[in-house]
Amino acid sequence: MERSKERVVVSGMRPTGRLHLGHYFGVIKNWLRLQEEGGRRFIFVADWHALTTAYAEPEKLRKNTEELMLDWLACGLDPEKNTLFVQSKVKEHAELFLLFGMITPKSWLELNPTYKDLKYNLLRVAELKENFRERAKVLVDEILPRLGLKVEDENLLREILTEELAEALVKALFEGALEADLLKRLNVDKKLLHQIDTYGFLGYPVLQAADILVYKGNAVPVGEDQLPHLELAREIARRFNRLYGETFPEPQPLLTEAPKVVGIDGRKMSKSYQNAIYLSDGPEEVEQKVRRMVTDPQRVRRTDPGRPEVCPVFTLHKLFADEPTLKMIEEDCRSARIGCVQCKRMLAAEINAFLEPIRERRRYYEENRDELWTIFEEGSKKARETASRTLEEVRQKMNLP
Ligand code: TRP
Ligand code: SF4
């Protein structure tokens, strides 16, 4: 079997809302670099994946999909250099997903750390565990003396017991073994628990494997958090190849170090923290948000020297300003030659200059939405050509008529 050495990049994004600077520097910038290199690229809006968690609110789906398409083209993703498409328009993903479902052991999915993580996050388990640990500590502290045990290291025992209790709670929560009443007292959103307790959500990485392998993708630009999904895609590919003959490559991650993008409150930029600067924000909005940014907390008066290394404003400057400017800001901050107001004004101007061409392209496609959809329709058609060829091969290998 001839296996092409050509690089085939596959990547997708769930349509969950507008993109912000964190997405740009984390993912998009990487894609823009890749589109100037060799090989083929398939980049798609993962709308089916969005449905694995947001199936109850489909009214947002179309708008979010369009929003993502706009953001991508605005950033300069070139439809000539990439096959840009919408996942649900290429039904072959679903067919391969179904066939992969036949050969994927359930345990691979249940043990998938990303699955567990997502479930953890959605259920706020980390928070719960923390709270529960506090309470368990009190309990253990009370019980231990009464037991009259002779232990060498009481502190260690205390720690172990507290930890074990918290673990047991989380395990019971995961296995659905907690009483409704207890869930309520622990403030766990039961609706959420049911909401993601679906076949589709469990199968998320199987669909992702199908997304990649349906194009025989061998390179997937992803963040660290997606590595377990990719590992699973490789395992599925290996299993398929073993069962039905060499068909799929084992897709490798294209990891690039992405700078940490801080939000206006100094935490990681994220939609859920409401600290994000969006690619579609207008100049005024950017100025306002930057004005509200936290700075070095020890710099109270204008005459106090500042510490750029702990200041989120400076961290953002690093993404936009050139070396000499950065050096100047750093020195002027430390010597209190520059005030935070002025420093922020400079940052807002840098961000706005960066966003201007993005806004301009966005405006164009907002006014030409037909053209926008045509690009993705044509991309989907092109994607289907490759995908249907793979499925023909797959059907033949599995002896399907
Ligand atoms: N799971 C990815 C994310 O949340 C999105 C995704 C879906 C994807 N299918 C993919 C990424 C295939 C790379 C390849 O970011
Ligand atoms: Fe931060 Fe700039 Fe103020 Fe220094 S001058 S503390 S870098 S905002």
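The values are calculated or read from the model by the stated rules, or taken from the named source; none is laboratory data. Bear in mind the structure is a predicted one, so any value in this text is a computation, not a measurement. All Cβ positions, glycine included, derive from the backbone under ideal geometry; neighbour counts span all protein chains shown.
What the table shows:
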quantity: Qualifying residue in the range 383-400 (condition: within 16 Å of ligand 1 (Cβ to nearest atom), of a type in the set (Gly, Ala, Ser), surrounded by 15 or more Cβ atoms within 10 Å (Cβ to Cβ) and touching a residue at least 24 places away in the same chain (Cβ under 8 Å)); calculated: yes
quantity: Count of the range 266-285 residues which are loosely packed, with under 13 Cβ neighbours inside 10 Å and assigned to a loop (DSSP other than H, G, I, E, B); calculated: 3
quantity: Options Thr65, Thr52; residue that is without any contact (Cβ under 8 Å) to a residue 60 or more places away in the chain and under 25 Å from Tyr215 (Cα atoms); calculated: Thr65
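Yes/no per residue for (1) within 13 Å of ligand 1 (Cβ to nearest atom); (2) modelled with pLDDT under 95; (3) not in a loop (DSSP other than H, G, I, E, B):
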| residue | (1), (2), (3) |
| --- | --- |
| Gln226 | yes, yes, yes |
| Arg234 | yes, no, yes |
| Arg239 | no, no, yes |
| Leu243 | no, no, yes |
| Phe248 | no, no, no |
| Glu257 | no, yes, no |
| Lys260 | no, yes, no |
| Ile264 | no, no, no |
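For (1) closer than 21 Å to Gly26 by Cα; (2) touching a Pro at 6+ places or on another chain (Cβ under 7 Å), each residue gets a yes or a no:
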{"residue": "Phe201", "(1), (2)": "no, no"}
{"residue": "Leu207", "(1), (2)": "no, no"}
{"residue": "Arg234", "(1), (2)": "no, yes"}
{"residue": "Pro253", "(1), (2)": "yes, no"}
